[in-house]
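Chemist: Have a look at this one before I ask anything.
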Amino acid sequence: MLVCVFLIGSLAQAASSFTNPPIVLTVEGTNVWIRPHQTNTWITAFPRQELQEKDRGRTGADSRTSIRLSDLSVLRIGVFSEFEIQPLPEPEIEAEFSLWRGLMRLLNRDRPGIHRFKTPTATAATRGTEFVLEVDEDTGRTRLTVFEGEAEMTNEFGAALIGPGEQGEAIAGRAPTVTAVIDTTAIVQWSLYYPGVLHLEDVELTAEERAELAASLAAYGVGDLLGALAAYPEGRVPTSGDESVYLAALWLSAGRVATAEQLLDDLAESIDGQSRAGRMSAALRRMVALVNQRPLPVASPDASRSFSATEWLVESYELQSRFFLTEALTAARESVRVAPDFAFGWVRVAELEFSHGRVPEALEALEALDRSFALALRNAQAVALRGFLLAAQNRITAAIEEFERAIELDGGLGNAWLGRGLCRIRQGDADAGRFDLQVAAALEPQRSILRSYLGKAFANAGDTRLARRELHLAQAMDPKDPTPWLYSALLLRDENRANEAVRDLEHSQELNENRRVYRSRLLLDQDRAVRGANLARVYQEAGLDDVSLREAARAVNSDYANYSAHLFLANSYNALRDPDQINLRFETAWFSEYLLANLLAPVGAGTLSQAVSQQEYSKLFERNRFGFSASADYFSHGEWFQRATQHGLLGNSSYAAEFFRHTDDGQRPNNDLEQLALVLNLKHQLTPQDGLYFRASYYDTESGDVFPYFDPANANPTVRLGERHEPWLLAGYHHEWQPGHHLVALGGWLNARFQVTNGLHTTPVFDRGTGGPVQAAVPMLSVQDYRGDLDLHSLELQDIWQRGDHTLVIGGTAQTSDFNTRNQQDAFAFFNGTPVTFNLTQHIRSDFLRLGAYVYDHWQVHPDILLVGGISYHHVTHPRNHRFAPLVEGEDSRGQVSPKGGVIWTPTSRTTVRAAYAQGIGGASLDQSVRLEPSQVAGFNQAFRSLIPESIAGANSAPTFETAALSLEQKLGERLFLGLAGEAHWSEVDRTIGVVNFVIPTTLGSGFSAGSTREELNFREQSLIATAQQLLGDHWGLGVRYRLSRAELDQLYPELPATVTTLGGFQRQQDVEAILHQLHLGATYNHPSGFFGRAGAVWTAQSNTGYSPDLPGDDFWQF
């Protein structure tokens, strides 16, 4: 058992000079003793034993200890060590020790401390956070190695200053000297953790040896390596090569690496390397090299001879170190196939299954772990792994119990401290959790990932200085690990240092493949997607909006099942939405991605509210909490945006309640707008594989004429629009069959009301003479009062299956709704003001039905080439005319098979070429926003509610869409991003609109009656977009965006004869065209203080043709 000395913050005894005296944590081994001051009795150390000044401690041959000092430092003490706690001579000295012999290593992650250590040959005063002190028992030679900070070593012959990366040495009779440290790993190898790999059946002990070692072998058999070492007969010399191998394995477990290696070296000279003992000795030496990250020759299994369970297990660790994670699992399974009773092998199998992230297979891993428990009841690794599996199921209290049991079994196991620390943070005890992470880093200093976690914990606590220091250490310890670069980028982003965050996140992406040492291919894709989502957000904060959208789409294509990627793509589309809800081009894509993100996200992922969502890399640091956020934006023309969110996480449930209000006085008469939205989002995790999602929303908006007009004089000064959703309910379910295989379901019900009052409603009047063909067509005005009620039901199922190089997305949808519409028109008058005696009151009911199915395949045909293919079929039955008064009863139907195709080619890490083609068909109303079908193909939006501007043609039912796009994205240097894209859109609508027919009456009456006619719309848009965006220094982001677009709209009333007479501006056929030039100039400034600013200018120039009367062009600047 391990002894660690632990300070809990109790009051010091009166005789002590400590504010908080050290306290013993746990014991690693059985030979750790404490001799209290003024006694001659050595007592066995015990957990939480409080130490006082002048107390003396020592460790035996099989034991190590760690001590927490009064300044929160962790002091790790090796085997054969003896120390004494000294009084504090000066107030600024935070700890003073005497080390008579042995090893100690100090780590202080809270703040640099001043410590003084006395040895037989020198006194060392240290100011820093990490160093190792070694004293030779026979000669008193002292070596002090400084990893971070500085130290001064003195004796009666002189003094020496020691800096980071240097080692001071003091020998009796000489002044201290300083040299550079060549091999830091060798200095700390005694404090590293060496997992058990030796199977007892692989060493051929004689009957006599087994009898002598019975107690030790019994402890080993239940997984208690330190107990096995303690039970090994003291002073016994191995009588065979096999016993020497066994003893070396035990010494490794206690950190006596040099002794174990010397024993194995001596053994290699006396036995045949191909003998069983020789092979086991070689396996142990390979394991030592792996833990210490030394180079070693590749030694793969030879099919010509049988490999032992031990060799297969070491091979598993070696394959993992060479990035072959799947093969490492295969080797581990081979070890238990050869030896079904091999406890360490079963632990390894369970560990690697968990590393693959296979949540359904976690049950299988648990069964393997249960077998390990039956075979190895005191195996600390197995107990800690069980804790992680429980934590993955969000059973935090039970997980903590397992981690504490693992610490009790072996306090030197860093993973046990790591797990408990993360779980404590999850429960809200951040201080205790951070200390556990600090102990983990002290126990296994070679693992940069532990430093990364500690840095992240400090960042969450708001201590950016300590967080940055830990992350810099992690980056230096393992330059190939992407995790500290990611956490550093998140920290920089939180400090409003967006440009520097971009640098670190891009570097993290470049290093992503290095994580394959312990991440499966699927999880690496998830990592890449999360890094992409975070990078997209940082690009946006740096002012690189176009780069941000491209990165968000790339993240979704890297891992379609990754919620973070979908969330930021939703955020990117949200930035493009029209706040007045008139231009609905990005409405469907935004809400679709947002819903999918919330369905796929685990509880506490932060996606429930877009106002507070964060794309953190891991939920490891999530904790039970409640939060509130609010913001308000005001513009000088009288526009307000107000948002507030109250959110919380408790156990397996999370929620977010949102308030949103948008008011705008407008730029012209009757141009005001007021919007109110209330949203409640709930998420509950039923099991690690099953989650429920619920959303309830209320929406109310009222406005005048907020449609955009090229000529403001065309605005309607009388129209008032209203829309209310009360309520809109959505319920979703997510099941993960296995990593990469997901089922999501979404059902919903919406009750909505639309209302329009319009004093200048325009209706075509068709003069049919005595009842024949239309002879003339003129516009007629009326006062309209319109009410529409919508009752919508929706259900969609989607299966996401990621396997190998393919990601399949298969789904089906069914939607049905009832439209209940009332329309009243009176005060009719012709366009010239002549009143008409005619009133119209209508009440119609019509049905909507949409049935659809789709399949998409993302095929990574080459590391540089992703192909996207898909096909969908949708059949839509929609109201014939529930919008354009006079209304028309009945339904029309339309079906379409829509092919999809795309490619993403990245010939270099700085160049991306994308192309896409897609067809689609729209719906009738809000049904178009409730969908899970992929919203984009190769990063180009394919989900539209409308392509034809509603300010020109109004809303439509069942429009068809067609999109083709091509883009080239290039990064030059480190901070210049160029983009060139061309897009083409086509949309066709064949709709029925209401008209007023006039027939010369043959009896008394007005001769006017409600009727209908067909209208065909054909819309075409081609655009060319060029962007250049530059990060400048640490604070500035500059951007230029030029867009050239050509839009054409052909309108035709095919039922009107070509000879019809038209008056008052009505046209049977109109083909209009607009060419638009837009130049956007932007600059963004971010300062670490939190101050930021944005400035922009837009030049717009438009020319128009085909309008009657003529619509002249214009150009202007906006600032």
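The numbers here are math on the coordinates, done by the rules we state, and not lab data. Not measured: the values here are computed from a predicted model. No Cβ is skipped: glycine too gets one built from the backbone with ideal geometry, and neighbour counts run over all protein chains shown.
Chemist: Sort Leu217, Leu225, Leu390 so that the residue with the fewest other Cβ atoms within 10 Å of its own Cβ comes first and the one with the most comes last.
Modeler: Leu217, Leu390, Leu225
Chemist: Quick check: residue separation of Thr179 and Phe830 times 0.36 nm, minus the Cα distance between them. What number comes out in nm?
Modeler: 224.3 nm
Chemist: Counting Lys and Arg as +1 and Asp and Glu as -1, each charge on the Cβ, what is the dipole of the chain about the Cα centre in debye, to the nearest 20?
Modeler: Dipole of the chain, to the nearest 20 debye: 400 debye.
Chemist: Taking other Cβ within 10 Å of each residue's Cβ, how do Tyr1042, Tyr856, Tyr560 sort, fewest first?
Modeler: Fewest-to-most ranking of Tyr1042, Tyr856, Tyr560: Tyr1042, Tyr856, Tyr560.
Chemist: For Lys683, which aspartates and glutamates qualify as cross-link partners when the Cα separation must be under 19 Å and same-chain residues fewer than eight apart are set aside?
Modeler: Glu593, Glu616, Glu622, Glu658, Glu736, Glu796
Chemist: Rank Ala441, Pro835, Leu329 by how far each Cα sits towards the positive end of the charge dipole of the chain (+1 on Lys, Arg Cβ; -1 on Asp, Glu Cβ) and give me just the farthest.
Modeler: The one lying farthest along the dipole's positive direction is Pro835.
Chemist: Output the Kirkwood hydrodynamic radius of the range 723-762, Cα pairs only, in Å rounded to one decimal.
Modeler: 13.6 Å
Chemist: Can you report the principal axis dimensions of the range 981-1119 using only the alpha carbons, biggest first, rounded to whole angstrom?
Modeler: Here the spans come out as 83, 29, 26 Å, largest first.
Chemist: At 222 nm, what helix-only mean residue ellipticity would the chain give, in deg cm²/dmol to the nearest 500, using -39500 (n - 2.57) for each DSSP H run of four or more?
Modeler: -8500 deg cm²/dmol
Chemist: What FRET efficiency, computed as 1/(1 + (r/R0)^6) with R0 = 25 Å and r the Cβ-Cβ distance, is obtained for Phe1119 and Ala1026, rounded to the nearest 0.05?
Modeler: In this case the efficiency is close to 0.70.
Chemist: Here is a further query. Which whole-angstrom value gives the distance between the alpha carbon centres of the range 1063-1080 and the range 896-963?
Modeler: 24 Å
Chemist: Computed from the mean reciprocal separation of all distinct C-alpha pairs, what Kirkwood hydrodynamic radius does the range 125-172 have, in Å?
Modeler: Hydrodynamic radius (Kirkwood, Cα pairs) of the range 125-172 is 10.8 Å.
Chemist: Which whole-Hz couplings ³J(HN,Hα) result when phi for each residue of the range 1048-1057 is put into the Karplus expression 6.51 cos²θ - 1.76 cosθ + 1.60, θ = phi - 60°, listed in order with x for Gly and Pro?
Modeler: For the range 1048-1057, the Karplus curve yields 10, 9, 9, 10, 8, 9, x, 7, 8, x Hz.
Chemist: Here are labelled values, (1) 10, 33, 36, 17, 3, 0; (2) 10, 25, 20, 13, 9, 12, 9, 2, 0; (3) 11, 35, 28, 16, 8, 2, 0, and one is the computed P(r) over Cα pairs in 20 Å bins from 0, in percent for what I pasted. Which one?
Modeler: Answer label, from the structure shown: (3).
Chemist: Once both labels are modelled 7 Å past Cα along the beta-carbon direction, what's the Arg1094-Arg720 spacing in nm?
Modeler: Result: 3.4 nm between the two label points.
Chemist: Check the straight Cα-Cα distances from Lys118 and name the lysines below 22 Å, setting aside those fewer than 8 residues away within the same chain.
Modeler: Once the sequence-local lysines are set aside, what remains near Lys118 is Lys54.
Chemist: Moving to a separate point now. Could you state the number of Å between the C-alpha centres of the range 622-643 and the range 27-53?
Modeler: 57 Å
Chemist: Could you calculate the contour length gain from His684 to Leu851, that is, 0.36 nm times the residue separation minus the distance between their Cα atoms, to one decimal place in nm?
Modeler: Stretched out fully, the His684 to Leu851 stretch lengthens by 57.2 nm.
Chemist: Mind checking which of Asn1018, Ile114, Leu1079 is farthest towards the positive end of the chain's charge dipole, using Cβ charges of +1 (Lys, Arg) and -1 (Asp, Glu) about the Cα centre?
Modeler: Ile114
Chemist: Then there is this: What nm distance separates the two modelled labels at Val1040 and Glu204, each placed 7 Å from Cα along Cα→Cβ?
Modeler: 8.0 nm
Chemist: Quick check: from the Cα gyration tensor, does the range 197-294 come out rounded (a/c under 1.5), prolate or oblate?
Modeler: Oblate.
Chemist: Label Phe157 and Glu137 with points 7 Å out from Cα along Cα→Cβ: what is the distance between them in nm?
Modeler: The two pseudo-label positions are separated by 2.4 nm.
Chemist: How far, in nm, would the chain grow between Gln646 and Asp431 when pulled straight, counting 0.36 nm per residue and subtracting the alpha carbon separation?
Modeler: 74.9 nm
Chemist: Putting +1 on Lys and Arg Cβ atoms and -1 on Asp and Glu Cβ atoms, find which of Ile271, Ala215, Ala282 reaches farthest to the positive end of the dipole of the range 197-294.
Modeler: Ala282
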